[in-house]
Amino acid sequence: MGATLRAVRALVLLAGFYLLGVILLAALAGADYLLYLHAPSGVALKLYVVSVLLALPLIRGLFMLRTPKGEERPGLAVTDTDEPALWRTVRELSDQVGTRAPTRIVLTPEVNAAVSEDARLLGLLPGPRRLYLGVPLLQGLTEAQLRAVLAHELGHYSNADTRLAAITARGRAQVLRTIDTFEQRADKTAGREQARQEKKNAKAAAKGKKAKEVDTRHSGFTYRLMARIYVAYAHLYFRATLAGSRRQEYAADAAAARIAGRDATASALREIPALSAAFGFYMNSYATLGSEARLLPPRGEFFGGFGRMLTARQLELVGLRTDLPSEPSSPYDSHPPIADRVARIEALPADGRADEARGAALTLLADPERTLAELEDAVLTEDVLRFARAADWQELLDGSMAANFVSADTALHRALAMYTKEQPSLRGLLKVIDDGQLWQLARRLPVSDQAAEAKGRAFREFVRPALADGLQTMVLAELSAHSRLRWEFSWADAAVVHLPPAADGSEADLGAAIGAAVADHPDTGPLRTLLPSAPQGPAARETDAPR
């Protein structure tokens, strides 16, 4: 479908929104006229009020004339002077695609690239263009793969996708805004009805009468009915534009393969889901590791460490590159499944360009370390930027784990506090175990209905894992409080904690000691030998941070 036909379709769908509003307003007016002719004046007046309240959101939606502007994505805008090689690459690709280059490039902290255009007159006239480029892509892709990603995005410009998006965006915004208005009014009506019934029940209770069950199922019915009409149109609208959106993605993929090469385009598509999963893991396990202790990685390392983790964990990414999503992320996802897109690209004839530009895309940046540091300043909140900076990742790990143990609050902590009516502590827990009360304490743990009904050995098997996990946390917290733990940072594996040796100088086995403490016949002896009175020394086991 050409740009003209897509524009006509988008305009027809937009006109359909207005037509639906006019039809509903006409229906309300017709109903009011019939009420005027046939209904008693008292009843008619009440229904007139309902009609007016229903008409207001319709009129508001019809007169929302301006396309709402999307919020500017957080990122670091870079000029030609800042990043000459990147700008040169983008301009060269724009020429090859046959389109006007963007006027602004913004680096973002996302595994994504996107383009936008501030088109005028509902997309009939072009406007300023922006290219959003995720720095994690620069860290994880080769230059050839990045060129494929950029060519894909610039292909949307050449196909007028970004210009015509203004019409589609306006229609979607108006439909969703009207639905939201009706649902908000329905919720307010239900809230008022709930408050009325609760007040009535309170009066009844004061008089010794039985309160009725609060029922607001029918409150706001007319508002919800109107919302359902627009929801049905929204489904039609989204499905009608969905096929076109997915065709645009295929066309942009074809442009990328033509310009950057078949193999670079296919491998880039394979790499992006793997990078997305890896980046989420990195943010949770590394970049934000010190949030509890209000610690940041060294300057430039908040995003910069991602590249080091990728290098260390290449084998883990192999499976992610081959196990591609075969379904859209949602029924209304504008992008076809990655597996389908890759299959289409790989079905193209070989073009002999497999060995082009295999160097790291990050080399396109003039000074990657400077850019990564400036990106932190651009996207992190002021509160986060006030965190202290660790000297290195090892210091970040040490400080983070110490802070996490100080604030540890497991289910076992809470159960122990309820059972002993005292502040939970490891010493207190060991006393409970030595007194033969572990399984009575375990009854205070939150468990499933099946576990709660179990008895004897069956119950012990249900709760043993939770007891072991909570006990391990309490032991590590005790050792950490006495500076008896040493953490070993790693980009490739889980962090390793080194414990003091047992009292006899042998290697400490925390797992075995905890297992003995939560056995059917508990024995805290092995665990007590590991507590702070024992001498320090190296013994290691893995924990969960960072993974």
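The values are calculated or read from the model by the stated rules, or taken from the named source; none is laboratory data. Remember, it's a predicted structure, so these values are computed and weren't measured experimentally. Here the Cβ is made from the backbone with ideal geometry for all residues, glycine too, and neighbour counts use every protein chain on show. Remember, those area values only see protein heavy atoms, side chains included, never the ligands or the DNA or RNA. Shrake-Rupley method; radii C 1.70, N 1.55, O 1.52, S 1.80 Å.
The slack in the chain from Ala312 to His498, taken as 0.36 nm per residue of separation less the alpha-carbon distance, amounts to 64.8 nm.
Please give the FRET efficiency for Leu320 paired with Ala85, using the beta carbon to beta carbon distance and R0 = 35 Å, rounded to the nearest 0.05.
Details: r = 29 Å, r/R0 = 0.83.
About 0.75, to the nearest 0.05.
Ignoring ligands, DNA and RNA, what percent of the 1.4 Å accessible area of the stretch 449-510 is carbon and sulfur? Could the numbers behind the result be given before it?
Details: 1390 of 3050 Å².
Carbon-and-sulfur percentage of accessible area, whole number: 46.
If R0 is 51 Å, the Cβ-Cβ spacing of Ala350 and His482 corresponds to a FRET efficiency of close to 0.20.
At full extension, Ala339 and Ala15 could sit 113.1 nm farther apart than now, given 0.36 nm per residue minus the alpha carbon distance. Taking amide hydrogens as placed 1.01 Å from N in the peptide plane, the amide H of Arg486 sits under 5 Å from those of His498, each at least 5 positions away in sequence or on another chain. Listed by chain and number, the lysines placed with their C-alpha closer than 21 angstrom to that of Lys209 are Lys199, Lys200; residues fewer than eight positions away on the same chain are left out. Between Arg196 and Tyr250, the simple label model (points 7 Å from Cα in the Cβ direction) yields a spacing of 5.5 nm.
Taking 0.36 nm per intervening residue step and subtracting the Cα-Cα distance, what contour gain separates Lys188 from Ala519 on full extension? Mind dumping the intermediate values first?
On the way: separation 331, 0.36 × 331 = 119.16 nm, distance 5.54 nm.
Using 0.36 nm per residue and subtracting the Cα-Cα distance, I get 113.6 nm.
What accessible area per residue, rounded to a whole number of Å², is obtained for the stretch 390-500 using a probe radius of 1.4 Å? Don't skip to the end; give the middle numbers.
On the way: 5500 Å² over 111 residues.
In whole numbers, the stretch 390-500 has 50 Å² accessible per residue.
Within the stretch 260-300, report the trypsin sites (Lys or Arg not before Pro) that DSSP leaves as loop and that have at most 12 other Cβ atoms within 10 Å. Write out the running numbers ahead of the final one.
Values: sites: Arg262, Arg270, Arg294, Arg299; in loops: Arg294, Arg299.
Nothing satisfies the criteria.
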